[in-house]
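Just so it is clear, none of the values below were taken in a lab; they were calculated from the coordinates. Model, not experiment: these values are computed from the prediction. Ideal geometry is used to build each Cβ from the backbone, glycine not excepted, and the neighbour counts take in all protein chains shown.
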Amino acid sequence: MLDQIYDMFSFAVPLRIVQRPDSLVVQDYRPTWLMLSGIGMVLFFAPAFVLVVVKAPGALESFGVWALALIAVAGLILALSQPIREVYYFDLPSDSYRFERQYVYRKEIIEGSLDQFTSARVKTETHDNTETYFVVLSQEGMFLTGITEQTLRENVPVLNSFWNESEIANAITAIISNASRRREKKLS
């Protein structure tokens with residue numbers, strides 16, 4: 001039953017996995033819960049502020065009216081602080097990867113060689129009877145930071161499910177194994 005409901009709404013928050021013989025592109029446009037909370041605050045408190053100001057012109061002197069405006073602004077700031085999309089590129093011919101996290105006002109990019117990753121898996125975290133899932137890339141050896149894993153999404157997206165995350169992890173594992181087979185062929 002929940003799977004059917006999920007399938008009905010999955011078109012609204014797209015997750016696209018584009019697999020080609022020599023590349024993989026994962027486009028994740030799912031919003032985070034914090035973004036939706038911020039948008040909800042703006043959609044509720046901004047019209048309430050406007051409605052009170054229009055209906056009662058003397059209300060601008062009241063602290064409660066300005067509290068509505070401050071909550072709406074805080075919601076806007078919260079929504080804008082979350083990523084709009086995340087895109088992961090894996091390219092076999094150049095043996096490289098590129099992770100992009102796009103915000104309204106900036107873009108974070110992580111690039112590197114594909115050979116540093118060995119596999120991808122789904123990590124499950126349990127919090128008060130709920131489970132969240134994250135795609136984790138295993139790195140070969142320990143780097144200067146001492147980290148042996150790279151988590152793709154920092155914040156939990158809406159419609160986070162094991163099925164979505166495992167689909168991403170399986171596609172990434174396939175491209176990583178193809179890259180390692182290519183390197184072995186070049187060496188032999």
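Neighbour counts of other Cβ atoms within 10 Å put PHE99, PHE49 in the fewest-to-most order PHE99, PHE49. Report, in degrees rounded to the nearest 10, the 0 to 90 angle that the Cα long axis of helix 63-80 makes with the longest principal axis of the chain. That works out to roughly 10 degrees. Rounded to the nearest 500, what is the 222 nm mean residue ellipticity of the chain from helices alone, with -39500 (n - 2.57) per DSSP H run of 4+ residues and division by all residues? Dividing the helical sum by the residues of the chain leaves -13500 deg cm²/dmol.
Before anything else, pin down the relative contact order of segment 60-188: Cα pairs under 8 Å, at least 6 apart, normalised by residue count, whole percent. The normalised contact order for segment 60-188 reaches 18 percent. If the cut-off is 13 Å between C-alpha atoms, which aspartates and glutamates fall inside it for LYS107, apart from same-chain ones fewer than 8 positions away? The qualifying aspartates and glutamates are GLU86.
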